[in-house]
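Participant: Mind having a look at this structure? Questions to follow.
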Amino acid sequence: MKFRAKIVDVGCLNHFTRVVNTVSKLTKACVLRLTCDHLYFVLSGRVATGGVSMWCELLQVNFFDEFQLEGVSADANEIFLEVAPENLSRALKTAQNAKSVKIKLTKKSCPCLTLAAELPSLSSLSRVVTHDLPVDVIPRRLWYDFREPQMPEFDVSIYLPPLKTMKSVVDRMKNLSNYLVVEANLNGKMNLKIETDLVSVTTHFKELGNPPWGEDGSQSSSRTHREPELMAETRVDIRKLQQFLTGQQVNPSRAMCNIVDGRILHLIFLHEDVSLQYFIPAVV
């Protein structure tokens, strides 16, 4: 297995850093899947036991000036690594003004992602800061556990309100309850609700719009025959939603969520070259 990549453009470096920072806010450990065309940060939680899942997809050509990969075999030209995103985030912070950043898979006392940042220097000699980040290589027999998640059979899909506004509402509601109900319909209406023995609070959003999913099988059959005014709702752990909203630095061009009534809140952030999916299971 071999992997090496290089970033020269400072804009690409800053964008990649923001993506890694977002991932580091969502999980302490995840799987980095490397292919010839894409990078994926994958968190495969067990929804049945209350775990969240994440799928972050990056098109490598929009970030890297050089990218070379030799996978585990000719018929499986991929590499799966378990990484600590926070370690990668810290290493990238030291490279914000770098002339170039090289990342490669190395073998030290254990497998490592080695990040070497060439920093500006007043002298003619270059100054290179190197970080060796320990990783675990995921064997091929376990790759299936980190496959791309399927689009759930959602009941309602809706665009999210401005994320700063939504975060502000969730932050305030977190002081009142541990759980939040997210409900929406096909007329572009969304409500965020908390209900306890002492208080009931609802924030209403309207005219958000509903994504026009295509007819290629990605549209839910239940959604096709659903009454536009009928609300679908999911009750979730408010801390998990707050963590997602607080950590995001992707600055998406589109942000939406799919609601599987009583089961899953599926959040989707789309950027030109990054897509981030986050699945929060319902709580009873």
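The values are calculated or read from the model by the stated rules, or taken from the named source; none is laboratory data. These numbers come from a predicted model, not from an experiment. Here the Cβ positions follow ideal geometry from the backbone for every residue, glycine too, while neighbour counts run over all protein chains shown. Ligands, DNA and RNA are stripped out before the accessible areas are found, and what is left, the full protein with its side chains, is counted by its heavy atoms. Shrake-Rupley method; radii C 1.70, N 1.55, O 1.52, S 1.80 Å.
Participant: Keeping all protein chains in the complex and leaving out DNA, RNA and ligands, what accessible area do you get for residue 6 with a 1.4 Å probe, in Å² to the nearest 10?
Facilitator: Looks like 50 Å² after rounding.
Participant: To the nearest 20 debye, what is the magnitude of the charge dipole of the chain about its Cα centre, counting +1 on the Cβ of each Lys and Arg and -1 on the Cβ of each Asp and Glu? Before the final figure, lay out each step's value.
Facilitator: Working: 33 positive and 31 negative charges, 228 e Å.
The dipole magnitude comes to about 1100 debye.
Participant: Could you give the alpha-carbon Rg of segment 32-87 over 2.2 N^0.38 Å, rounded to two decimals?
Facilitator: Numbers: Rg = 13.4 Å, N = 56, 2.2 N^0.38 = 10.2 Å.
Dividing the Cα Rg of segment 32-87 by 2.2 N^0.38 Å gives 1.32.
Participant: Separate question: Which whole-number value in Å³ per residue fits the convex hull of the alpha carbons of segment 62-178?
Facilitator: On the way: hull volume 29.5 nm³, N = 117.
Spread over its residues, the Cα hull of segment 62-178 gives 252 Å³ apiece.
Participant: Rank these residues by their accessible area, most exposed first, probe 1.4 Å: 155, 136.
Facilitator: Numbers: 155 25, 136 90 Å².
Descending accessible area places them as 136, 155.
Participant: Only four residue types carry charge here, +1 at the Cβ of Lys and Arg and -1 at the Cβ of Asp and Glu. Report the dipole size of segment 127-277 about the Cα centre in Debye, rounded to the nearest 20. Could the numbers behind the result be given before it?
Facilitator: Values: 18 positive and 20 negative charges, 97 e Å.
The dipole magnitude comes to about 460 debye.
Participant: Could you tell me the relative contact order of the chain? Use alpha-carbon pairs under 8 Å, at least six residues apart, and round to a whole percent. Each step should come with its number before you reach the end.
Facilitator: On the way: 620 pairs, mean separation 56.2, N = 284.
In percent, rounded to a whole number, it is 20.
Participant: What are the residues whose amide H is under 5 Å from the amide H of residue 155, where those residues sit 5 or more places off or on another chain and H is modelled from the backbone?
Facilitator: 259, 260, 261
Participant: If I ignore ligands, DNA and RNA and count only protein heavy atoms, how much of residue 131 is accessible to a 1.4 Å probe, in Å² to the nearest 10?
Facilitator: 50 Å²
Participant: To the nearest 10 square angstrom, how much accessible area does residue 254 have with a 1.4 angstrom probe?
Facilitator: 120 Å²
Participant: Taking the C-alpha atoms of segment 156-281, how large are the radius of gyration and the largest Cα-Cα span, Dmax, in Å?
Facilitator: Gyration radius and largest Cα-Cα distance of segment 156-281: 14.2, 47 Å.
Participant: Any chance you could get the radius of gyration and Dmax over the Cα atoms of segment 61-123, in Å?
Facilitator: 14.0, 48
Participant: Residue 188's amide H: which non-local residues (gap 5+, or another chain) put their own amide H closer than 5 Å, with H modeled 1.01 Å from N in plane and none for Pro or chain starts?
Facilitator: Amide H to amide H, under 5 Å and 5 or more residues apart or across chains, residue 188 pairs with 209.
Participant: Ignoring ligands, DNA and RNA, how do 7, 264 rank by accessible area with a 1.4 Å probe, largest first? Present the calculation step by step, with values, prior to reporting the outcome.
Facilitator: Values: 7 5, 264 25 Å².
So the residues, ranked largest to smallest area, are 264, 7.
Participant: Suppose the Debye formula is applied to equal point scatterers at every Cα of the chain; what is log10 I(q)/I(0) at q = 0.14 Å⁻¹?
Facilitator: Evaluating at q = 0.14 Å⁻¹ gives log10 I(q)/I(0) of -1.03.
Participant: Follow-up question, since we're still on this one. Where the centre of each part is set by its Cα atoms, how far does segment 234-270 sit from segment 182-200, in angstrom?
Facilitator: One Cα centre to the other: 15 Å.
Participant: Give me the angle, in degrees from 0 to 90, between the Cα long axis of helix 163-174 and the longest principal axis of the Cα atoms of the chain, rounded to the nearest 10.
Facilitator: Taking Cα atoms only, the helix is inclined about 70 degrees.
Participant: Averaging over every viewing direction, what projected area does the convex hull of the Cα atoms of segment 2-145 cover, in nm²? List each step's numbers first, then the result.
Facilitator: On the way: hull surface 37.5 nm².
Taking the Cα atoms of segment 2-145, their convex hull projects to 9.4 nm² on average.
Participant: Can you find, among 17, 59, 181, the residue sitting farthest towards the positive end of the charge dipole of the chain, where Lys and Arg contribute +1 and Asp and Glu -1 at Cβ?
Facilitator: 17
Participant: OK, next. Test of understanding: express the Cα radius of gyration of segment 11-64 as a ratio to 2.2 N^0.38 Å, with N the residue count.
Facilitator: Working: Rg = 12.3 Å, N = 54, 2.2 N^0.38 = 10.0 Å.
Dividing the Cα radius of gyration by 2.2 N^0.38 Å gives 1.23.
Participant: How would 159, 179 rank on accessible area, largest to smallest, probe 1.4 Å? Mind showing how you got there, number by number?
Facilitator: Numbers: 159 55, 179 90 Å².
Largest accessible area first, the list is 179, 159.
Participant: Between the helical axis of 10-26 and the dominant principal axis of the chain, each derived from Cα atoms, what acute angle in degrees is found, rounded to the nearest 10?
Facilitator: Compared with the principal axis, the helix lies near 50 degrees.
Participant: So if I place +1 on the C-beta of Lys and Arg and -1 on the C-beta of Asp and Glu, and nothing else carries charge, what would the dipole magnitude of segment 2-145 be about its Cα centre? I want it in debye, nearest 20.
Facilitator: Result for segment 2-145 is approximately 420 debye, rounded to the nearest 20.
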